[in-house]
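The values are calculated or read from the model by the stated rules, or taken from the named source; none is laboratory data. Everything numeric in this text was worked out from a predicted model, so none of it was measured. Neighbour counts run over all protein chains shown; Cβ positions are idealised from the backbone, glycine included. In case anyone asks, the SASA skips ligands and DNA or RNA and just uses the protein heavy atoms, side chains included. Shrake-Rupley method; radii C 1.70, N 1.55, O 1.52, S 1.80 Å.
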Amino acid sequence: GTAMRRFLGPLLFLLALRLPAGSGAAARGLDVASYRERVRAMFYHAYEHYLESAFPYDELRPLTCDGQDTWGSFSLTLIDALDTLLILGNVSEFQRVVSVLQEGVDFDIDVNASVFETNIRVVGGLLSAHLLSRKAGLEVEAGWPCSGPLLRMAEEAARKLLPAFQTPTGMPYGTVNLLHGVNPGETPVTCTAGIGTFIVEFATLSHLTGDPVFEDVARKALKALWKNRSDIGLVGNHIDVITAKWVAQDAGIGAGVDSYFEYLVKGAILLQDKELMSMFLEYNKAIKNYTKFDDWYLWVQMYKGTVSMPVFQSLEAYWPGLQSLIGDVDNAMRTFLNYYTVWKQFGGLPEFYNIPQGYTVDKREGYPLRPELIESAMYLYRATRDPTLLELGRDAVESIEKISKVDCGFATIKDLRDHRLDNRMESFFLAETIKYLYLLFDPDNFIHNDGSDFDVVVTPYGECVLNAGGYIFNTEAHPIDPAALHCCRKRREEQWEVEDLMREFYSRKKTKKFTLKRAPDHGEGENAKDSQDASSEKAGEKRNSKKSSHSLLSCPSQSFNSKLAVLGQVFLDNT
């Protein structure tokens, strides 16, 4: 901490010279509750106009007060905004929207859809709403969370994406026709993020439905990228999914790559998977070695490591939040403060910012109300409680209201220099930007639960604990409850062992001493079974040892060598 303050002292002094006097001091007493209410009002201004003027189209066009289909034709903004409603506490509207979606959304349509966008917005939004539906007071089916209408919709949407994964490399095409599968003549070039951003949603689907195909294809795609990294440990921007040749060889943390790294970390936490975390930590070393300069990250040639573009892209602003998730809070804060200076220069983050020149890049001066810097502020605020992070939240509310608010909603800012607007309101504005702002200003939200509060649900597979916190946000800010992945164990070797154990315990109690063997480190196969049981299971164990499936009784002990953090709360590894 003190080292960081020493380092930041001069930087903050320089910043103070550029800011209006007293702005910092005023914000120290920032009225969190009033900003929270302003964010709520922003949500409803946008949401109500979407319903009035744009539904059932995907998105609102705020300058003309009408709607347009953008990523498909499934009332996208409604799906994307659904869990935000609950986070704002609006149970009745959540319930109404769920019934509207059940009636009105159809995935059997002749539409070419982005595999990546459909996954993160539609599958992610439906899964999150499915897992939150009991909390929202909906009557749930007897088998919930292992069944339910929203889960069936999520599964149906995901099945429409599976044909894209049928390639020689297992890396998916970028576009799929929801009716006919991959179009003949479809380009085989996909961006890295479009290949590596499935594990959170697809593993959740597999665990809830018992169908392993989703997690399998997501893992295969992740591994294919890993296998094709360069000798210096970097991945490029676009790759040919048939030949595995890199088409765009720029390596960095921003557009085209970003959520691949994010999903290695989030997948590792969600699935308690050491392999995914060690992949990320390897990449992290290469990223630090080759792309990091003065707490900025540049773009470099993936094979040589030479700088190709000295630009900061607004999409990269998720990185400090990701660093906070692995416990690297000091580095995260330093990079965050760099990005925040850019925000203060423009009242938003331009899509591209030339670092040496300190100005926008031609044709990339816009700010489509993206969430990434606010997302990082939310994570870092959970970790540090540093009031500077609330100041960014305040600045975001003020700028978005001042520059982009129009009669019919909030419009994309086409140019931060002269504040011209574009006739578009992306669905992520309600899914992410508003949600992260609200969560930054709402420290007591149920999403921030530290485990002191939880629900116990009886499923056909035994009792299970839900809503205890530790939510993992997908890259569209849809929270997934990691505990739900342990509710629906359908396969024999993964059944609720507690019941078997109790039976065994009582039958042996009178005659023998009963001991619990410690869980094997990788959680492979079964533990806490007596030897006969173990030997009869051997065959099954061999088949499944590849699927590091944790026994439910063990809290798998993770020997990550990094500091690990959950939702910004840092757990130090003192070994």
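Is segment 450-458 home to any residue that is out of contact with any helix residue (DSSP H, G or I) (no Cβ under 9 Å at 6 or more places or on another chain), crowded, with 16+ Cβ neighbours inside 10 Å, hydroxyl-bearing (Ser, Thr, Tyr) and over 22 Å from residue 314 (Cβ atoms)? Among the residues of segment 450-458, not one is out of contact with any helix residue (DSSP H, G or I) (no Cβ under 9 Å at 6 or more places or on another chain), crowded, with 16+ Cβ neighbours inside 10 Å, hydroxyl-bearing (Ser, Thr, Tyr) and over 22 Å from residue 314 (Cβ atoms), which makes the answer no. Among the residues of segment 23-40, those identified as open to solvent by 50 Å² or more (accessible area, probe 1.4 Å) and modelled with pLDDT under 90 are 25, 26, 28, 29. Quick check, is residue 107 at negative phi, modelled with pLDDT of 95 or more, open to solvent by less than 10 Å² (accessible area, probe 1.4 Å) and of a type in the set (Phe, Trp, Tyr)? So residue 107 passes the test. Mind telling me which of the residues 434, 413 ends up being over 16 Å from residue 50 (Cβ atoms), touching a residue at least 12 places away in the same chain (Cβ under 8 Å), in contact with a helix residue (DSSP H, G or I) (Cβ under 9 Å, 6 or more places away or on another chain) and buried (at least 19 other Cβ atoms within 10 Å of the Cβ)? Only one candidate passes the filter, namely 413.
Among the residues of segment 113-155, those identified as of a type in the set (D, E, K, R), surrounded by fewer than 24 Cβ atoms within 10 Å (Cβ to Cβ) and in a helix (DSSP H, G or I) are 117, 152, 155. Tallying residues that are assigned to a loop (DSSP other than H, G, I, E, B) and touching a Phe, Trp or Tyr at 6+ places or on another chain (Cβ under 7 Å) within segment 340-350 yields 3.
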